[in-house]
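For reference, the structure is listed below as structure tokens.
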Amino acid sequence: MSKKILLVEDEQDIAEVLAVRLEINGYDVALAKDGEEALAKVKKDKPDLIILDLMLPKINGFEVCRMVKFDDATKHLPVIVLSALHQQHEREKVQSYGADAYFIKPFDLNLLLVKIKELLS
């Protein structure tokens, strides 16, 4: 059974390319375009890992990460942040909410795949 990844990304081009690459690598991918949809899919789809953009409509990625990691039902879920935000304080804030990894766009897909495999094993 393949692992399920919830990809939360509002930029359609990035979401489509990344989803295809994840599927090629054997993952089942669900997409969410905003924070509200992401939180609903976490409850409904029960993903094994979340890849999360920070700058999202409705509910930003910082809040999504905080809500996932501070909820007893979902705090075990690995969260990989994928963001154009590269300031140290942004990275520290999301890590304080429990993010497991932080990649800055543009990112190295091979390094991301290694991190996903590590977090899912």
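Yes/no per residue for (1) under 21 Å from TYR27 (Cα atoms); (2) under 12 Å from the mean Cα position of the chain (by Cα); (3) surrounded by 19 or more Cβ atoms within 10 Å (Cβ to Cβ):
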site	(1), (2), (3)
LEU49	yes, yes, yes
ILE59	no, no, no
GLU63	no, no, no
THR74	yes, no, no
ALA84	no, no, no
LYS93	no, no, no
* Structure fact -> Among the residues of the range 23-46, the number that are surrounded by fewer than 18 Cβ atoms within 10 Å (Cβ to Cβ) and under 11 Å from LYS3 (Cα atoms) is 5
* Residue within the range 102-121 that is farther than 21 Å from ASN25 by Cβ, out of contact with any strand residue (DSSP E or B) (no Cβ under 9 Å at 6 or more places or on another chain) and surrounded by fewer than 20 Cβ atoms within 10 Å (Cβ to Cβ) present -> no
* Considering only the range 82-111, how many residues are assigned to a helix (DSSP H, G or I) and in contact with a Cys (Cβ under 7 Å, 6 or more places away or on another chain)? -> 1
* Asked: ASP100 is checked against (1) of a type in the set (Asp, Glu); (2) over 14 Å from the mean Cα position of the chain (by Cα); (3) farther than 17 Å from ALA15 by Cα and fails just one. What number does that condition carry?
  -> (2)
* Structure fact -> If you go through LYS44, LYS75, the only one that is in a loop (DSSP other than H, G, I, E, B) and of a type in the set (Lys, Arg) is LYS75
* To do: Could you list all residues from the range 21-36 that are over 23 Å from PRO57 (Cα atoms) and not charged (D, E, K, R)?
  => LEU22, ILE24, ASN25, GLY26, TYR27
* Within the range 1-10, track down each residue that is in contact (Cβ under 8 Å) with a residue 24 or more places away in the chain, more than 15 Å from VAL79 (Cα to Cα) and out of contact with any Lys or Arg (no Cβ under 9 Å at 6 or more places or on another chain). => SER2
* Residue identified as more than 11 Å from the chain's Cα centre (by Cα), over 25 Å from LYS93 (Cβ atoms) and at pLDDT 95 or above among LYS33, LYS44 -> LYS44
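The values are calculated or read from the model by the stated rules, or taken from the named source; none is laboratory data. Note that the coordinates shown come from a computational prediction; the quantities given were computed from them, not determined experimentally. Virtual Cβ from ideal backbone geometry, glycine too; neighbours counted across all protein chains shown.
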